[in-house]
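Have a look at the structure below, then the notes.
The values are calculated or read from the model by the stated rules, or taken from the named source; none is laboratory data. What you are looking at is a predicted structure, and each value in this text was computed from that prediction instead of being measured. All Cβ positions, even for glycine, are placed from backbone atoms using ideal geometry, and neighbour counts span all protein chains on display.
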Amino acid sequence: MLADIGAQLGGWALPIAGVFGLLIGSFLNVVIARLPVMLEREWETEARAILEHEPNSEREHFDLIRPRSRCPQCQRPIRALENVPILSFLFLRGRCPGCGTRISWQYPAVEALTALLFVVTVWQLGPGSAGLLALVFTAVLIAASGIDARTTLLPDQLTLPLLWLGLLVNIPGTFTDLQSAVIGAAAGYLTLWLIFHGFRLLTGKEGMGFGDFKLLAALGAWLGWQALPVILLLASLVGAVVGIALILLRGRDRNIPIPFGPYLAAAGWLALIWGDELLALYFPQGF
Ligand SMILES: [Zn+2]
């Protein structure tokens, strides 16, 4: 049925994917900004309960919808017309109309990136069920990468549902067969777990977080174990290039951990969209 809808859309599929990507990107900005705050509040509440402190009753309710978005500087609420993806940012010239404070370029960047990736996804996978499921995959990866880049957290609230969904979508073999998906999930987690403990034994340092294990498990569930070497190689290459560039350009301390999540996510996304081409580079004879 989804394929029929896709066929009826015809040449409209790509523009629709782009506009849809802008709107979803706008929502992902909210998730990236608010989910870490929600998690920190949850942890504080739990810690207070364990330590038998009084709950902090003065705080207002905070979730993805409430309170309404405000300028962090002057608290001016953001009106609906000022919330149009990219256009509002351009129209306001990147400044709050109340106090003139600069609005982060990350907001239009996430909207533009989501739109671009949505268009490429539908272009490569078509507007059928595989393409639509890949849009969910894309959106969760963007949110997880944004949060990891900002806070070095990879929330279970994103990685674990992505893992379960990856196993479910492959029951009918959407991206790989179910056996490869199950092995991929376990092998993805184990690979980084082993690297983590090996690295810690050798250097005494912790090179990555447990969120990275769960993210690679999720990628293994979506793509199958066969994709894991390509994903790890791509992520390490891009991560090394960006890491060295940051150290050279900004004189960044090489002991500050660089979040690995965005590189894993980018590599996983590339592998889902162009996986067959990437795998062919690796195993020219096939399996
Ligand atoms: Zn303001």
With respect to Ile50, is the statement that it is at positive phi, out of contact with any Gly (no Cβ under 7 Å at 6 or more places or on another chain) and more than 16 Å from the ligand (Cβ to nearest atom) true?
no
Breaking point among (1) modelled with pLDDT of 90 or more; (2) in a helix (DSSP H, G or I); (3) not aromatic (Phe, Trp, Tyr), for Gly198:
(1)
Tell me which residues, restricted to segment 65-108, are more than 14 Å from the ligand (Cβ to nearest atom), assigned to a loop (DSSP other than H, G, I, E, B) and modelled with pLDDT of 90 or more.
Val84, Pro85, Ile86, Trp105
